[in-house]
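Report on the structure given below.
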């Protein structure tokens, strides 16, 4: 059944309410409920039951269950490396020998974001966890740290696609080659699209500029003006700080990702499952961490599990938002929101503007649905077919889809990567959204101009 403009209501309701009420959970629930009102022809009872049944049904999807458990267990990893004294030791080492300013603390988060390109969630989590005590010490706002973490996660993963991102994108392009829409090699097309992924490139340059210049604008400027230095306070159960208790678990988590992608992909890292890889990586990391802390005397068995369960508990609010974000994504899919947006935007367009239109359309879909991967899956076939019929350079069309998906996802309050960046930085989620949005919009405007210029030149 076609729902037309009604299919836009759930994401609009969720996003608008989240911005004005600053209560993301209630906003998401009302957005989901409005979607089920439409699906159930405005029968309130059926919509109410359908909403909660749909949330339960999410866990029949293996990747969702693994992602939720991963998010909970990452909370344990973070809590353990703090309570073991690992973060305290690392902060002491860096502040004594290397990092002595706000700029240095933010550059640490930025470099971590560039180096860890295996999976966007891990990128944000590691950058936020490692840099937060240092940014706190030098008076950096949590909002600024969240912006750096968020802006160096998905953009980097899309530019260095030796990960689950690359696997998905190659698969989508291969499907169009197999269908006879285009000819060529999927890997070659993806590689050629990387320098045309303008939003990701512009975003990384912008982040570096704002770190080095110390300049800010909009709500971020206000957040930075009221931020004050906060000394890192060592918490219970910790002995004298030793940075190995932080570095070893993080290195283990990162190192396990490519291995897990290789195994889950049957020997091909680009065919590996991202959700399966992060799931088993965090479980093995926790086992390794237990052995490390117990045998070195960093923590007792009892202290370890106290911190383990406290870490899970601290993640419950964030995981609740994550589950509701998945739920509204499922409702939006049932309503056909993305297809409706694509159909409305289709029509006769001057070829020079097609890549820019693809970029903007992808951004709208990603903003409305909160998922870049879902946007790629919807828009890549449309964009490639449209580009092929219009004589547009195929890698440019692919780059526009990737850029648009990341831009929309980067701006959306219901995006899982936005949520995880807030969590990793210890920032109120809606504050992160409000302070980051002007920067994302500036990057989006510059990227739009870049796609118009590229279409005219290529």
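The values are calculated or read from the model by the stated rules, or taken from the named source; none is laboratory data. If you're wondering where the values come from, they're calculated on a predicted model, not measured in any experiment. Every residue, glycine as well, gets a Cβ built from its backbone with ideal geometry; the counts of neighbours run over all protein chains shown.
Points to keep in mind about this one:
- Hits in the stretch 408-426 (condition: part of a loop (DSSP other than H, G, I, E, B) and within 15 Å of the chain's Cα centre (by Cα)): 412, 413, 414, 415
- Those helices (runs of 4 or more DSSP H) lying entirely in the stretch 331-401 with at least 2 residues over 23 Å from the mean Cα position of the chain (by Cα) and either closer than 22 Å to residue 183 by Cβ or modelled with pLDDT of 75 or more (or both): 354-369, 372-390
- Within the option set 323, 283, being at pLDDT 80 or above and farther than 19 Å from residue 412 by Cβ holds for one residue only, 283.
- Of the residues making up the stretch 190-205, those that are over 21 Å from residue 361 (Cα atoms) and buried (at least 16 other Cβ atoms within 10 Å of the Cβ) are 192, 204.
- One residue from 227, 223 being modelled with pLDDT under 90, within 20 Å of residue 149 (Cβ to Cβ) and outside the structural domain of residue 398 (by TED's automatic domain parsing): 227
- In the set 444, 426, only one residue is touching a residue at least 60 places away in the same chain (Cβ under 8 Å) and within 30 Å of residue 186 (Cα to Cα); that residue is 444.
- Among (1) farther than 22 Å from residue 330 by Cβ; (2) touching a helix residue (DSSP H, G or I) at 6+ places or on another chain (Cβ under 8 Å) - the single one residue 378 does not satisfy: (1)
- Between 85, 104, the distinction of being modelled with pLDDT of 80 or more and within 24 Å of residue 314 (Cα to Cα) belongs to 85 only.
- Verdict on residue 276 being in contact with a helix residue (DSSP H, G or I) (Cβ under 6 Å, 6 or more places away or on another chain), assigned to a helix (DSSP H, G or I), assigned by TED's automatic domain parsing to the domain that holds residue 77 and modelled with pLDDT under 90: yes
- Qualifying residue in the stretch 76-94 (condition: in contact (Cβ under 8 Å) with a residue 12 or more places away in the chain, crowded, with 24+ Cβ neighbours inside 10 Å and not in a helix (DSSP H, G or I)): yes
- Candidate set: the stretch 111-120, residues that are in a helix (DSSP H, G or I) and buried (at least 24 other Cβ atoms within 10 Å of the Cβ); chosen: the one modelled with the lowest pLDDT: 120
- In the stretch 31-62, the residues that are in a helix (DSSP H, G or I) and under 18 Å from residue 5 (Cβ atoms): 31, 34, 35, 36, 37, 38, 39
- Of all residues assigned to the stretch 43-54, at least one qualifies as being at pLDDT 90 or above and within 24 Å of the chain's Cα centre (by Cα).
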